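No value in this document is a laboratory result; all are computed from the given coordinates. It should be emphasised that the depicted structure is a prediction, and the values quoted were computed from it without experimental measurement. Cβ: placed from backbone, ideal geometry, glycine included. Neighbour counts: every protein chain shown.
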Amino acid sequence: MSSAPRTSQLSGSTAFNSSTQSLNSLSSAQTVVTPMNGAGGPVIATANIINQKADASRSLYQICIALRQRLNQVPSLEPYLEELDPNDPVDSLWNFFRTGMPFLTIFNALQPAEPIGIDEANANAPEAKKSKIAVFKFVQACLKDLNIPSADCFVISDVLGTDTSGFVKVTQVVNYVLDVAEQRGLLLQAQPYPNENTMDQAATSQMSYRDHILKELVDTERKYVQDLENLHDLKKTLEQRGIVPGDVVHQIFLNINAILDFQRRFLIRVETTNSMPANNQRWGNPFVTFEESFDIYTPFIANQRKAAQTANLAFDKIQAADHPVAVDFNTLDGFLLKPMQRLVKYPLLLKDLCKKSEDEIVKQDLTLGIEAAERVLTKANEAVNRDLLDEAMEDLKVRVDDWRSHRIEQFGNLLLHGVYTVVTGRTDQEKDYEIYLFQYILLCCKEASASKSKDKKDKTRSTGPKIRNRSAKLQLKGRIFMTNVTEVVTLAKQGSYSIQIWWKGDPGVENFTIKFSNEETMKKWASGLEAQRKANTLPKSTSSPDLAPPEFPWLRAQANSISAMENPYKEQDMDEEEDYGAPGSVPFGVTQSTGGTMLPRNASNTSLRQRSATGDSSQSLAGIARAPPAISSANTTSSTESPDATSWPCIGGTMSQFPAQPIYPRQTTPGPAPGQAPMSMDSRTVSPPPNMANNAFNDELALPTQLKVKVNCEGGTYFTLVVAFNITYQTLIDRIDAKLARFTSSSIGRGLLKLRYRDEDGDYVSIESDDDIQIAFLEWRDGMRNMYPGGVGEIELFCVGDTPA
């Protein structure tokens, strides 16, 4: 028998020189004492620990295989070992030790002066009790006779429990006892066992591409588990030495213990699969089987960013532990990132493997594994995003000084957030806004301290996401209630990615554009916006009330124009640089799909649209009824305003001023069926309330001074303009072409398209002059005279080729 001491198979941190040494050093006077896993002993730092190669022999799977072979050298133990499952080296060996009796045999192989065993008093005790007694006797003997430090020994629960970290300790101590027995020449002749590294080197020249992929999968999995062991060891060191407060340790490492335990078990499954014949290997199955177990990662990955921040603040204390994982902050941060990086790697490895597989059964298995791994990764990403959104939500609450009577808790969950470039109005000027998509509302905010000296037409600005100045206060610059959104259109070409959002204004259909730096971000926002648009347009159901959006107080107030709520925007100043929308435009989203007002856009010294839209008003209906009407046939796109007019802040320009006229509650017809275009304004009927039927000035408002023009384009696309009755042909064409330019290269001005209207007989008639426009408007007026008493009506025009659809 060999008298040379044999190195034990130890698992633990690769950061320490003791990682490949056994506990035989504890009993050898010629050997420097180096405790296992650095528990209380000196630590030798290696600057490149994060890049160290994995030691295959130190995975729990390989430890158990090697330990089982060593146990065959223990006299009288081999017959019991033959009953163990050769295909399950870990669990079968663990269950073997759980009986307790093998510990007695192993220690007695040392031929102690007093063999250990179960005394007569407990000879007839239940097996569970006898196993505990046997484990206790073994541990007691190791501490007393072999002088193993208690910190390096295991306890009964490490054997009888289910934590792999505890079982690793068991294997270490057993290996040490076997080392001592081998030194004393008390073991049977050792049987040679293959060296995996030698085998790998011999087979490298004959490896196929598939073999290389599998080798990478297995090797990197071993390396990853050892990285987790390193991270876990740092946590344990900090706890034992009390260098960092316990709550800080928890904030950094969170549930790393549970993750390490799970990942060891997953590695066992990986190595078990790797040990099978190639035809029997099913690499997708472990990912399908353990898919739900991967949920253990969710809190750790979601917390990673905060963990790094906390670690950075406490790094001076952490570094005092003299641990190689904390040799510098970048190394520690790299270890904290390992879990997320590993989840990203899994589907990539499986996809590479699938590409090189021809067997349909194997490919199906791998496909299922890829899908499971991608679902795991998606959950992890969602956890990270949720954490970022929660932080953005808290950030938003404190950065906005004036919520203008809004209640953020009624917006629903925050779904998306970022700083992006927004294009609004009839010009192409761009501005950066912090955009928040909630379940029920879209908010656009702007830093209150942003410089106003920037070039308004800077076309070279980045399309974000931008860097936020989190110390700057925010101003609410616009909102769109998702109940009003009619369409979400993605506009993508190489290097340019944007989304147009269309919503129902009062009157008219408005839109603005958000620009993104890449297609992935654009698709994410488009998907989120479209999902909320659909969710918020679901009809309310008494059987499923959760499907309908909540009724905001300011929405309910629209149905009742007698409201004493103060105008939330009354005190807000308008940035001069934002006055680039068409005169008469309104803050986007101020009007709701139900309730509200219908007022012509005439200049006046009073503005009520904003108040009715938010349920805010400081005037009663009686007060409004006494106000003199302000009717004008002048083109309302003029920028002339009353001297005491109030400007209303918005993205894309100022709100026009409106006359103090009666507010008639709208009565809406049912919404469009699925797949149909959104209802236009002319589907709403307007009637004055009973107490307003005899107003002296109702007759004066019998016909609108403005007209809403719905322009239908080929392919079902449409947009809406609000124009004066006396608009000229050229002005109308210019405005239509400006809208067309956003989604097509065709235009009326270049003769590529024709503008037509439909007469009372249903025939299409071309519009080519001012007279044609007036005829079209007059025909519409004669047909609609009794439908729009003082509001804004709608005419349909058709922008098509030479032959209308």
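Where Lys and Arg each count +1 and Asp and Glu each count -1, what net charge lies around N95 among other residues with Cβ under 11 Å from its Cβ?
On the way: positive: R98; negative: E83, D85, D88, D91.
With Lys, Arg at +1 and Asp, Glu at -1, the net is -3.
Any of K523/K739; K137/K223; K379/K523; K397/K739; K137/K236 with alpha carbons more than 25 Å apart? Name them for me. Write out the running numbers ahead of the final one.
On the way: K523/K739 23 Å; K137/K223 36 Å; K379/K523 18 Å; K397/K739 36 Å; K137/K236 27 Å.
Result: K137/K223; K397/K739; K137/K236 exceed 25 Å.
Pop the C-beta distance of I775 and Q494 into the FRET formula with R0 = 51 Å and round what comes out to the nearest 0.05. Could the numbers behind the result be given before it?
Details: r = 45 Å, r/R0 = 0.89.
Efficiency for this residue pair is about 0.65.
Say each of F315 and T99 gets a label point 7 Å from the Cα, pointing the same way as Cα to Cβ; how far apart are those two points in nm?
If labels sit at F315 and T99, their model points lie 5.3 nm apart.
Report the gain in length on full extension from N413 to H212: 0.36 nm times residue separation, minus Cα-Cα distance, nm rounded to one decimal.
Between N413 and H212, full extension yields 67.8 nm more.
Can you give me the pair-distance distribution of region 222-324, C-alpha pairs, 10 Å bins, whole percents?
Calculated over all Cα pairs of region 222-324, the distribution is 14, 39, 27, 15, 6, 0 percent.
Could you rank the peptides 76-85, 174-183 by their average count of other C-beta atoms within 10 Å per residue, with the highest value first? Please list the in-between numbers first.
Values: 76-85: 11.9, 174-183: 22.4.
The most tightly packed comes first, giving 174-183, 76-85.
Rounded to two decimals, what is Rg over Rh for region 208-395 when you use alpha-carbon atoms and the Kirkwood radius?
On the way: Rg = 18.2 Å, Rh = 17.7 Å.
For region 208-395, the value is 1.03.
Let me know the Rg and Dmax you get for region 124-194 when you use only its Cα atoms, in Å.
Expressed in Å, the Cα Rg and Dmax of region 124-194 come to 14.0, 43.
Using 7 Å Cα-to-Cβ label points, what is the S745/D119 separation (nm, one decimal)?
For the pair S745/D119, the computed spacing is 9.8 nm.
In a shell of Cβ-Cβ distance under 10 Å around C354, excluding C354 itself, what net charge do Lys and Arg (+1) and Asp and Glu (-1) give? Could you put the intermediate results ahead of the total?
Values: positive: K351, K355, K356, K363; negative: D352, D365.
Cβ neighbours under 10 Å give a net charge of +2.
So for region 304-367, considering every pair of alpha-carbon atoms, how many percent are separated by more than 14 Å? Each step should come with its number before you reach the end.
Values: 1325 of 2016 pairs.
Roughly 66 percent, once rounded to a whole number.
What distance in nm separates the two pseudo spin-label positions at K397 and N255, each 7 Å out from Cα along the beta-carbon direction?
A separation of 2.5 nm, rounded to one decimal place.
Order of 165-172, 140-147 by packing, highest average Cβ count within 10 Å first? Don't skip to the end; give the middle numbers.
Details: 165-172: 21.8, 140-147: 15.6.
Answer by packing, highest mean first, reads 165-172, 140-147.
Would you tally the net charge around T162, using a Cβ to Cβ cut-off of less than 13 Å, leaving T162 out, and scoring K and R as +1, D and E as -1?
Values: positive: R98, R264, R265; negative: D91, D158, D163, D261.
Taking every other residue near T162 into account, the sum is -1.
Sorting check: for 302-315, 718-731, which peptide has the highest mean count of neighbouring beta carbons within 10 Å, and how do the rest follow?
Packing order, densest peptide first, comes out as 718-731, 302-315.
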